[in-house]
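Q: Take this structure first; my questions come after.
Values in this text are rule-based calculations from the coordinates and carry no lab data. Since this is a predicted model, take the numbers as computed values, not measurements. Here Cβ is always computed from backbone atoms with ideal geometry, including for glycine, and neighbour counts include all displayed protein chains.
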């Protein structure tokens, strides 16, 4: 597997893939400064947080990974597909279908989550790190 080269190739179709890769790389290679994201103290005891208060950020990450999965799958299987949904041909080149249904569903999910986040008493949302 050619990790970084594959991401460079993917960025031609999905420019956000580079930022998303960097974000995921940072979250999976945990440094000391990141420990406070999942370790804490509650009622005088050490705890490990199994959920993250910035769920909007992580929800968009998961939804974006789902979108990229569909995009990559259709790119790899394009010649076998009768009616691709995530990609289309434009000027003889395969390009992302900007009107793909998943993006509409993703946007609706994100609006609902952002509203839920605003109405919660935690107010934990922060700007997305990789966007």
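Q: Quick one: length gained pulling residue 103 to residue 5 fully straight, 0.36 nm per residue minus the C-alpha distance? Don't jump to the answer; show the numbers that get you there.
A: Details: separation 98, 0.36 × 98 = 35.28 nm, distance 2.55 nm.
32.7 nm is the gain from fully extending residue 103 to residue 5.
Q: If you work out Rg/Rh (Cα atoms, Kirkwood Rh) from the coordinates, which of (i) 1.06; (ii) 1.25; (iii) 1.01 do you get?
A: Here the calculated entry is (i).
Q: What is the calculated FRET efficiency for residue 116 to residue 28, with r their C-beta to C-beta distance and R₀ = 35 Å, to the nearest 0.05? Walk me through the intermediate numbers first.
A: Working: r = 27 Å, r/R0 = 0.76.
Here the calculated transfer efficiency is 0.85.
Q: Also, quick follow-up: Springs between alpha-carbon atoms under 10 Å, Gaussian network over the chain: tell me which of 26, 104, 83 tops the mean-square fluctuations.
A: Looking only at 26, 104, 83, the biggest GNM fluctuation is shown by 83.
Q: Just rank 64, 8, fewest to most, by other beta-carbon atoms within 10 angstrom.
A: Working: 64 20, 8 13.
The most exposed by this proxy come first: 8, 64.
Q: A further question on this structure: Between residue 46 and residue 94, what FRET efficiency follows from the Cβ-Cβ distance if R0 is 41 Å, with the result rounded to 0.05? Don't skip to the end; give the middle numbers.
A: Working: r = 51 Å, r/R0 = 1.25.
After rounding, the FRET efficiency stands at 0.20.
Q: In whole angstrom, note down how far apart the Cα centers of segment 22-49 and segment 57-87 are.
A: Each part's Cα centre sits 31 Å from the other's.
Q: If each DSSP helix of 4+ residues adds -39,500 (n - 2.57) and the sum is divided by the residues in the chain, what number results at 222 nm, nearest 500 deg cm²/dmol? Working shown, then result.
A: Values: 4 runs with 64 residues, N = 131.
Value at 222 nm, helices only, nearest 500: -16000 deg cm²/dmol.
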